[in-house]
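The values are calculated or read from the model by the stated rules, or taken from the named source; none is laboratory data. Nothing here was measured: the structure is a model prediction, and the numbers come from that model. All Cβ positions, even for glycine, are placed from backbone atoms using ideal geometry, and neighbour counts span all protein chains on display.
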Amino acid sequence: MIVNEQVAVDHGLKKDEYAKICELLKRTPNITELGIFSAMWNEHCSYKSSRLHLKKLPTKGKKVIQGPGENAGVIDIEDNDAIVFKIESHNHPSFIEPYQGAATGVGGIMRDVFTMGARPIANLNSIHFGSPQHKKTKNLLRGVVHGIGGYGNCMGVPTIAGQTSFDSSYNGNILVNAMTLGLVKKDKIFYSKAAGLNKPVIYVGSKTGRDGIHGASMASANFDEKIEEKKPTVQVGDPFTEKLLLEACLELMAGDSIIAIQDMGAAGLTSSSVEMASKGNLGIEINLSKVPCREAKMTPYEIMLSESQERMLIVLENGKEEQAKKIFDKWNLDFAVIGKTTKSKKIELYFNEKKVADIPVNTLVENSPMYDRKWKKSKLPKKNKIKKEDIKHLKIIDTLKKILANPNICSKEWIWQQYDHTVMGDTIQKPGGDAGVVRVHGTNKAVAASVDSSAVYCWAHPLTGGKQVVCESFRNLISVGAKPIAITNCLNFGSPENEENMGEFVECVQGISEASEYLKFPVVSGNVSFYNQTKDEGIKPTPAIGGIGLIKNYNKMITMDFKEIGNIALVIGKTEGHIDQSMFARNILNEKNGPPPEINLFNEKNNGETLLKLVENNLIKSAHDVSLGGIITAVAKMCIKGKKGINLNKPKYLINEMEYFFGEDQGRYIIEINKKDSKKVTDILNKNAVHFDELGTIIENEVYINDKTKVTIDELSTSNKSWLSNYMSK
Amino acid sequence: MKSSVITFPGSNCDRDMDVALKKFGFKNKMVWHADAELPKSDLVVLPGGFSYGDYLRCGSMASKSKIMQSVINFANSGGLVMGICNGFQILVETGLVPGVLLRNKYLEFICKNVFVKINDKQNKYFKNVNNDVLEFHIAHNEGNYFCTNDQLKKIEDNNQIAINYCDENGNIEDQFNPNGSIKNIAGIFNKEKNVLGMMPHPERMIDTSLSGEDGSIFFKNLIKNLK
């Protein structure tokens, strides 16, 4: 095939990008080379629109062993233990083919983690769908949940937490973000940097097929009406093979024969070989005839661009080939020596003894395009004034029930019951709480993990929204008694070529930076997903933050269920009744304008750290952060979980009762304490200048708001638990 | 007491079972599916997971693996063989216990705590367990026990049902059946009651921090009965 500008454009390259390729090579690329450039230079692999801004993220800290740039981030959890973790998007494939798209998303992120030598110990996910009324939503939700479960369950890795939301902006573009945590010894972490000359380059895992060719390019373009035609670009997962690959890799890693290892994810053999060579400042020579292929007559172009799953590329020490092969034979996996490292600093490919590609590595990586896209700053919207007559007719209990049954608040048990969340025998906090918690096997330590996003806040004001998501993650970890350590982010946005979408990205990233810097909660890994839009309509900006925290003694873990009658509940943090962009404003008043709640980073940090002091002194019986739906929703959830009621005190503030109960001011928690500890607790709170109010006393079975207004926990529980299962069974 | 846990390609509850058996005093060995000989054992466990990716039929390929001939001989000579979840599916495929396991009635994977009522205590597994009802944990996609009417009659005549799904008070009713199993069957013995297949995972219920502790009751009792 003759390569020209049109062929390049068909590969998703811009005309000037094609001109630059010709200039760098000082010739016209052949079709295989063009394919390789298109794979490396697309948005998904090159981060060409985001690189400039991602540099601003704080990525360092005392506990950070490896920040962004590797397969995943690594943090220190003491005693020579480390946690490897990352979140990644698989949005486009999941919309086209929900089961396989979601399944291979889970498979891909687990591979990123065990590539570094870590055994995966927990999975999480953040999934976002269109309006429940949209005709595709139900099938997409079912398919995605089955896919996530199908892969994770088979791997034997528990899915311990997650987040699901519905919003019409995802009607034509759902989001599927998968996160994995793995456990590794600090001195046995593996990296992707090749080193040494003439070292054998090994291919292991599944055979290469024609699936997923151009997957990464597909993920770097807008959707249009021809999207169904792109089904063949979705990869097909085989979790069984991945389980074998995991065990085989960990067995090989127990020895000392691996120099570098890299999984074949987006852009398959192309990106894995280029990244290894680039990081090691070396060249790699590959004989494509030796690559194990599933189908006959695959061309070099197809072999290089296939995104077949469950494959790894390894640079071995010389002479270790036989020993390594034995392990992969034992696990019935393909093993082939396909090339070697060279000093040429080029990617040189041979096929049937002919050279089919010859590209300097730096042209693919360092010289890849980087854009300073135009972006638009967003203004803080004006506050709305709630009119008395709008809320006069509202009854607090009915409103609470409506909010508890809202698709974005209701119990997601229908989803997480389909995920094995108890395999590996260390899950000590299941889905449905503030964070999932797994023990570090055989120790007293536990790791807490949470994944959060607040698209509505980010849409209303990206800078505030970006900060809020980081704070929410911080709070969720604090609520289970964990000390927050680091985060991973999955930045889901519309087209970077649209100034407004680009502005949302830039300002969300800035918000994330500010909060993570202040809270000493650095970003150690992540992924950017642009072009989440169909035709001209972009999604609401949806940065998802995955946070990790450490619990040194798992007996001190906190859960959110109210524990004992007679205990008292406090609200930590100040309640001012911010109602704009709240569940209440948007869903009950139908008011979609206004600013999101403000973030005060000092209070966030101070409140959270003080709470950890209370946990350390065994003074907290249960805790839950106040988020969507405000105080009353948080309290109702603690009641439902604990099968207990509460007698709420009359609010002291001058604000309206609705604003008091449903306002979404940030930096707040509800904690349960024993009456006899009251003085100790208030002393610590006062000493640290933490604002608190006494909320009420825990009683049996009913929520009393004032003497006249009450509701049973069973009623609240029914409102909360029935929406999703009813929706899915209709 | 010596136990052996078989690891098949795709097993993923083998480590959990190893941890549980050791916790309650077994000297456990992990045995690779391609081995020919079983080590000397008082108990052999086929663990949960997705042996051979559940391809063809759950448990079917594992039932033909090399070690299984030794396991079958061991069972036929009266040795204790317990299959949990995928292990139960493998046992069914070998014919050591009757019946088959179909996909769950609602076609969804289920992971949750369930109550089971012990139907028979005249066997090494449940003898001397004080409780009649235990809280166990299930996590499966194909646990819907099915057999023919003739088989069911034999099973009942021989009192081969080990445990049934029930509520916390031991009521065996349809609404407490998580997967559509005939007669709420959660576990079943062979005729001689030395082979037990069950869907619930006792190994996930062995300390207060996990889903519960009723698995501890099961294992403590099991090792006592073997001594």
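Please state which one of A:E88, A:E97 is of a type in the set (D, E) and farther than 25 Å from A:L519 by Cβ.
Values: A:E88 fails: farther than 25 Å from A:L519 by Cβ.
Exactly one of A:E88, A:E97 is of a type in the set (D, E) and farther than 25 Å from A:L519 by Cβ, namely A:E97.
Summed over segment B:146-174, the residues that are within 20 Å of B:V45 (Cα to Cα) and either touching a helix residue (DSSP H, G or I) at 6+ places or on another chain (Cβ under 7 Å) or loosely packed, with under 14 Cβ neighbours inside 10 Å (or both) give a count of 1. Taking A:K680, is it surrounded by fewer than 18 Cβ atoms within 10 Å (Cβ to Cβ) and at pLDDT 95 or above? Yes, satisfied. Quick check on A:E78: is it of a type in the set (D, E) and in a loop (DSSP other than H, G, I, E, B)? Judged against the criteria, A:E78 is a match.
A single member of A:V64, A:V106 is under 21 Å from B:F50 (Cα atoms) and either within 14 Å of chain B (Cβ to nearest Cβ) or at pLDDT 95 or above (or both), and it is A:V106. Give me the residue from segment B:104-117 that is closer than 30 Å to A:G152 by Cα and more than 14 Å from chain A (Cβ to nearest Cβ) and, out of that set, surrounded by the most Cβ atoms within 10 Å (Cβ to Cβ). Checking each candidate, the answer is B:V116.
Kindly indicate which of A:I148, A:I160 is within 12 Å of chain B (Cβ to nearest Cβ), within 30 Å of B:D14 (Cβ to Cβ) and part of a helix (DSSP H, G or I).
Testing whether each residue is within 12 Å of chain B (Cβ to nearest Cβ), within 30 Å of B:D14 (Cβ to Cβ) and part of a helix (DSSP H, G or I) leaves just A:I148.
Tally time: how many residues in segment A:133-166 are polar (S, T, N, Q) and crowded, with 24+ Cβ neighbours inside 10 Å? Let's see the steps before the verdict.
Start the filter on segment A:133-166 by keeping residues that are polar (S, T, N, Q), which leaves A:133, A:137, A:139, A:153, A:159, A:163-165.
Next cut, crowded, with 24+ Cβ neighbours inside 10 Å only: A:153, A:159.
Of the residues in segment A:133-166, 2 are polar (S, T, N, Q) and crowded, with 24+ Cβ neighbours inside 10 Å.
State which residue is surrounded by the fewest Cβ atoms within 10 Å (Cβ to Cβ) when the search covers only segment A:516-574 and only residues that are of a type in the set (D, E, K, R) and over 30 Å from A:K592 (Cα atoms).
Of segment A:516-574, the ones of a type in the set (D, E, K, R) are A:517, A:520, A:535-537, A:540, A:552, A:556, A:561, A:563-564, A:574.
Retained after the next criterion (residues that are over 30 Å from A:K592 (Cα atoms)): A:517, A:520, A:552, A:556, A:561, A:563-564.
On the way: A:E517: 16, A:K520: 15, A:K552: 15, A:K556: 18, A:D561: 18, A:K563: 15, A:E564: 13.
Checked segment A:516-574; the qualifying residue surrounded by the fewest Cβ atoms within 10 Å (Cβ to Cβ) is A:E564.
Taking (1) among the aromatic types (F, W, Y); (2) surrounded by fewer than 24 Cβ atoms within 10 Å (Cβ to Cβ); (3) closer than 29 Å to A:E598 by Cβ in turn, A:Y704 satisfies each apart from (3). Restricted to segment B:1-23, and to residues there that are assigned to a loop (DSSP other than H, G, I, E, B) and buried (at least 20 other Cβ atoms within 10 Å of the Cβ), the residue that is nearest to the other protein chains (Cβ to nearest Cβ) is B:N12. Being within 14 Å of another protein chain (Cβ to nearest Cβ), in contact with a Cys (Cβ under 7 Å, 6 or more places away or on another chain) and outside any loop (DSSP other than H, G, I, E, B), is that true of even one residue in segment B:47-55? Yes: one or more hits. Scanning segment A:167-183 for residues that are surrounded by fewer than 24 Cβ atoms within 10 Å (Cβ to Cβ) and assigned to a strand (DSSP E or B) returns a single hit, A:L183.
Checking the structure you have, find out if any residue of segment B:145-156 is among the polar types (S, T, N, Q), in contact (Cβ under 8 Å) with a residue 40 or more places away in the chain, more than 14 Å from every other protein chain (Cβ to nearest Cβ) and not in a helix (DSSP H, G or I).
Applying the first criterion (among the polar types (S, T, N, Q)) to segment B:145-156 yields B:148-149, B:151.
Applying the additional criterion that residues be in contact (Cβ under 8 Å) with a residue 40 or more places away in the chain yields B:151.
Now narrow it down to the ones that are more than 14 Å from every other protein chain (Cβ to nearest Cβ): B:151.
Pick out the ones that are also not in a helix (DSSP H, G or I) and you get none.
Taking every residue of segment B:145-156 in turn, none turns out to be among the polar types (S, T, N, Q), in contact (Cβ under 8 Å) with a residue 40 or more places away in the chain, more than 14 Å from every other protein chain (Cβ to nearest Cβ) and not in a helix (DSSP H, G or I).
Among the residues of segment A:486-509, is there at least one that is of a type outside the set (A, V, I, L, M, F, W, C), surrounded by fewer than 24 Cβ atoms within 10 Å (Cβ to Cβ), closer than 30 Å to A:A623 by Cβ and out of contact with any Cys (no Cβ under 7 Å at 6 or more places or on another chain)? Checked segment A:486-509: no residue is of a type outside the set (A, V, I, L, M, F, W, C), surrounded by fewer than 24 Cβ atoms within 10 Å (Cβ to Cβ), closer than 30 Å to A:A623 by Cβ and out of contact with any Cys (no Cβ under 7 Å at 6 or more places or on another chain). Within segment A:331-361, the set of residues being within 14 Å of chain B (Cβ to nearest Cβ) and outside any loop (DSSP other than H, G, I, E, B) is empty. The set of residues in segment A:400-409 being surrounded by fewer than 22 Cβ atoms within 10 Å (Cβ to Cβ) and of a type outside the set (G, A, S) consists of A:K401, A:K402, A:N406, A:P407, A:N408.
When you scan segment B:158-227 for strands (runs of 3 or more DSSP E) that lie fully inside it, which ones turn up with 2 or more residues that are over 19 Å from B:Q122 (Cβ atoms), modelled with pLDDT of 95 or more and away from every other protein chain (no Cβ under 14 Å)?
Values: elements: B:161-166, B:185-189, B:195-198.
Fully inside segment B:158-227 and qualifying: B:161-166.
Within segment A:128-145, the residues that satisfy the criterion of being within 14 Å of another protein chain (Cβ to nearest Cβ) and among the β-branched types (V, I, T) are A:V144, A:V145. Of the residues in segment A:676-692, none is within 35 Å of the chain's Cα centre (by Cα), under 22 Å from A:I646 (Cα atoms) and of a type in the set (S, T, Y).
Whenever a residue of segment A:65-84 is within 13 Å of A:A118 (Cα to Cα), its partners that are buried (at least 24 other Cβ atoms within 10 Å of the Cβ) and of a type in the set (D, E, K, R), lying with C-beta atoms within less than 8 angstrom and at least six residues away or across chains, give the pairs A:N71/A:K86; A:N71/A:D112; A:N71/A:D263; A:A72/A:K86; A:A72/A:D112; A:G73/A:K86.
One residue stands out in segment A:237-260 among those that are within 29 Å of A:R210 (Cα to Cα), among the small types (G, A, S) and not in a helix (DSSP H, G or I): the one that is modelled with the highest pLDDT, namely A:A260. Of all the numbered requirements in (1) surrounded by fewer than 22 Cβ atoms within 10 Å (Cβ to Cβ); (2) within 14 Å of chain A (Cβ to nearest Cβ), B:F74 misses one, and that requirement is (2). If the condition is being in a helix (DSSP H, G or I), under 14 Å from A:G265 (Cα atoms) and touching an Asp or Glu at 6+ places or on another chain (Cβ under 8 Å), then segment A:86-112 contributes A:G105, A:G107, A:G108, A:I109, A:M110, A:R111, A:D112.
For segment A:379-395, a tally of residues being basic (K, R) and farther than 30 Å from A:C508 by Cβ returns 4. Would segment A:21-28 turn up any residue that is within 25 Å of A:F505 (Cα to Cα), part of a loop (DSSP other than H, G, I, E, B) and touching a residue at least 24 places away in the same chain (Cβ under 8 Å)? The answer is no; no qualifying residue exists. Taken over segment A:233-247, the criterion of being closer than 18 Å to A:I148 by Cα and either more than 8 Å from chain B (Cβ to nearest Cβ) or not hydroxyl-bearing (S, T, Y) (or both) is satisfied by A:V234, A:Q235, A:V236, A:G237, A:D238, A:P239, A:F240, A:E242, A:K243, A:L246.
Which of the residues belonging to segment B:118-144 are within 16 Å of B:N221 (Cα to Cα), away from every other protein chain (no Cβ under 12 Å) and part of a strand (DSSP E or B)? Passing the criteria: B:I118, B:V133, B:L134, B:E135.
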